[in-house]
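The values are calculated or read from the model by the stated rules, or taken from the named source; none is laboratory data. All figures in this text were calculated on a predicted structure; none of them were measured in a lab. Cβ placement follows ideal geometry from the backbone for every residue including glycine, while neighbour counts extend to all protein chains displayed.
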Amino acid sequence: MQIQNLLLPELGICTEEKLYFHREDTREREVDYSDEGKTLTFHKYGRCFFDTYYNALSIEKWKKYTTIGDVSLHIILKGCFEVTLLNVRLAGEGLNRIIIDRKTLNSPEKQEFALPFHLYEYKGILAFELRAVKEDSVYYGGYYDAEVDARNLRDVKLAVNICTYKREPYIRRNLDHLRESMMDNRASALYGNLKIYISDNGNTLPHDITGGSDAIKITDNKNVGGAGGFTRGLIEILKDKNAFDATHVLMMDDDVVVSSEALFRTYTLLRCRREEYKNMFVGGAMLRTDRPGIQAEAGASWNEGNLVSNKAGLDLTCIQNCLLNEIEEYTEYNAWWYCCMPMELISESNLPLPIFIRGDDLEYGLRNRTQIVLLNGVCVWHEPFENKYSSYLQYYIMRNLLYDNALHFPEYKLSSFLYRLYTTTAREMIYYRYKNIDLLFRGVRDFYGGIDFLKRTDGETLHQEILRAGYSAVPVEKIENAAFRLPSYQKSLKQADKGIVKGFRYLTVNGYLLPAKRVKNKEVQAVSMSLCRPINFYRQKRVLHYDEASGKAFMTEKSWLSTFRVLANLFKITCISVFSFYHAMKKFRNDSRDLMNEEFWERYLEN
């Protein structure tokens, strides 16, 4: 059974070459890659290594979670190659590269060869390398094959659940790619076993975006955030059981770049899974769109709100990091940019909470947690979150933190909550973001409203109120009475101090107790909207918060009146919390099931 394809870079998906293959450093020009033909052409003695993120086989995980038997490499070649089969493992801080076999393959015509891995101790990854013996030898790709007892194979039907809001270009790109490679491709293992359900929260998707495919279903929906959109998709999948009896649902964001190979590997892994892992999740890592070889997260744990992103920052163009990526860490959930879960866990009485955004995937993952399996090559590319700052998120982050901890960390203490509230308030006050503090406090008050608040509140209307209450970024050239200077912004990214100067800054509450520096005309300090630091605000009166990705900005200004108002409201929130916190946490935990059933959601979505 074919379990994993060998890939080459693909335009529109990923062209980071070292995720797919490595040329020999001193002889790079002896191998030519053709994107059009999807081939590698070797000059004589040219050499390539395929112990990479996409083309190595995660043999330990395949052996642990599935019933596969012996594995073989199938490669399609023309010309003459020396092929070396490898087992690569971590050895302390280095690598142990074990040569399993080496053969010379020769064919004047394009031909498929099968090479078995005779390996008895399965650790690390399986991979191979090619060395051309003759000029103009060509590599066309191939796959890994595994012996599988047909009696152990499980039926898998995959429903892809996408929630979107006015992101037509992303949706069209992914639909076109999946239709061409799988849904309209009779040779694909997922042909007839894949259906896509899209909840259109913006009601703007054109009908022709489906390409006439019956395997794509679009449902217009209220703008009730990711929670409402994904829940709408789950309800549609449950209703569609007679037409398409999905065994698994893949929750996937609308603004990602995904390769069909991720779905293929998910599908084959689930087909071969062992009985003890029948309800396992398959998680997809998030890689960065701006630096496609860098991983942002591969599974995560909530940790009472102190989020831990596993394997963050790994450069996956390096084989040693790919092996580190294979090591399984404590994982509580996988974000819904790519998370595949069994339909057995989903029912009309076990649906997500109506919390709009920021925490819906986390809460549902914690609630239904089983074994989460992540494989190299199962991923999406997504814009990094530091490039997507939004003021209004402060409301949802604080409110939903309390919801999630009420349900899944009943030992969460008032002191921990107040520490989080005080430190977040202090940060936003130093940044002169007084509107954000108002949103934090509103989130806390709304949590104390219990499930009644969520029941009586229209999520779409509330969201519009929250948007208006925060800072609205506009094109930087439209900011009045401020001169944006790129050198000033770039300087702020590297701004630092130390020693006595740093100590004095702390003693004066980051200069809050000192007069602001005088500036001429429209000159203003420009800082990163998402990556700014307290030193950027030291003795500044007005600050321009700039988002490099969008070219938009907003202004904040130091205000003693706003400071006193914030401190007064913080005192009130503290007093309310002392008397209400534990009762509210317990009551929400006891009552929350009223928000998780289809009857509630049908009313909430106004069906």
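Numerical summary
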{"read-out": "Filtered residue count, the range 275-333, keeping only those that are under 30 Å from Arg420 (Cβ atoms), part of a loop (DSSP other than H, G, I, E, B) and aliphatic (A, V, I, L, M)", "value": "4"}
{"read-out": "Candidate set from the range 521-568 (those that are in contact (Cβ under 8 Å) with a residue 60 or more places away in the chain and β-branched (Val, Ile, Thr)); member that is surrounded by the fewest Cβ atoms within 10 Å (Cβ to Cβ)", "value": "Thr563"}
{"read-out": "Lone unmet requirement of (1) over 29 Å from the mean Cα position of the chain (by Cα); (2) at pLDDT below 95; (3) not assigned by TED's automatic domain parsing to the domain that holds Arg399 for Glu602", "value": "(1)"}
{"read-out": "Tally, over the range 263-294, of residues that are under 17 Å from the mean Cα position of the chain (by Cα) and either basic (Lys, Arg) or surrounded by fewer than 23 Cβ atoms within 10 Å (Cβ to Cβ) (or both)", "value": "7"}
{"read-out": "Subset of the range 211-252 [more than 22 Å from the chain's Cα centre (by Cα) and outside any loop (DSSP other than H, G, I, E, B)]", "value": "Ile216, Lys217, Ile218, Thr219, Asp220, Ile235, Glu236, Ile237, Leu238, Lys239"}
{"read-out": "Some residue of the range 499-509 being farther than 19 Å from Phe571 by Cβ, assigned by TED's automatic domain parsing to the domain that holds Leu531, among the charged types (D, E, K, R) and modelled with pLDDT of 90 or more", "value": "yes"}
{"read-out": "The range 42-61, subset in contact with a Phe, Trp or Tyr (Cβ under 8 Å, 6 or more places away or on another chain) and not in a loop (DSSP other than H, G, I, E, B), residue surrounded by the fewest Cβ atoms within 10 Å (Cβ to Cβ)", "value": "Glu60"}
{"read-out": "Flag for Pro116 being over 16 Å from Leu40 (Cβ atoms), surrounded by 13 or more Cβ atoms within 10 Å (Cβ to Cβ) and not assigned by TED's automatic domain parsing to the domain that holds Ile327", "value": "yes"}
{"read-out": "Hey, Phe571 among the hydrophobic types (A, V, I, L, M, F, W, C) and more than 29 Å from Asn201 (Cβ to Cβ) or not", "value": "yes"}
{"read-out": "Residue count for the range 180-220, restricted to those that are within 14 Å of Tyr165 (Cα to Cα) and of a type outside the set (Ser, Thr, Tyr)", "value": "9"}
{"read-out": "Number of the exception - Glu109 against (1) in contact (Cβ under 8 Å) with a residue 12 or more places away in the chain; (2) touching a Gly at 6+ places or on another chain (Cβ under 9 Å)", "value": "(2)"}
{"read-out": "Check on Arg358, assigned to a loop (DSSP other than H, G, I, E, B), closer than 21 Å to Arg468 by Cα and within 18 Å of the chain's Cα centre (by Cα)", "value": "yes"}
{"read-out": "Selection from the range 32-41 of residues that are touching a residue at least 60 places away in the same chain (Cβ under 8 Å) and surrounded by fewer than 22 Cβ atoms within 10 Å (Cβ to Cβ)", "value": "Lys38, Thr39, Thr41"}
{"read-out": "Helices (runs of 4 or more DSSP H) wholly inside the range 371-468 that include at least 3 residues being touching a Leu at 6+ places or on another chain (Cβ under 9 Å) and of a type outside the set (Val, Ile, Thr)", "value": "393-408, 414-430, 434-448"}
{"read-out": "Scan of the range 164-203 for residues that are under 25 Å from Thr289 (Cα atoms) and assigned to a loop (DSSP other than H, G, I, E, B), ordered by number", "value": "Tyr165, Lys166, Arg167, Asn201, Gly202"}
{"read-out": "Selection from the range 120-151 of residues that are touching a residue at least 24 places away in the same chain (Cβ under 8 Å) and either under 25 Å from Lys195 (Cβ atoms) or charged (D, E, K, R) (or both)", "value": "Lys123, Glu129, Arg131, Lys134, Glu135, Asp136, Tyr143, Asp145, Glu147, Val148, Asp149"}
{"read-out": "Sole residue being closer than 26 Å to Met280 by Cβ, of a type in the set (A, V, I, L, M) and not in a loop (DSSP other than H, G, I, E, B), chosen from Val88, Val83", "value": "Val88"}
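Yes/no matrix, rows are residues, columns are (1) under 27 Å from Lys64 (Cβ atoms); (2) surrounded by fewer than 18 Cβ atoms within 10 Å (Cβ to Cβ); (3) in the same structural domain as Ser58 (by TED's automatic domain parsing); (4) charged (D, E, K, R):
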site: Lys123; (1), (2), (3), (4): yes, yes, yes, yes
site: Glu129; (1), (2), (3), (4): yes, no, yes, yes
site: Ser137; (1), (2), (3), (4): no, no, yes, no
site: Asn185; (1), (2), (3), (4): no, yes, no, no
site: Leu190; (1), (2), (3), (4): yes, no, no, no
site: Asp208; (1), (2), (3), (4): no, yes, no, yes
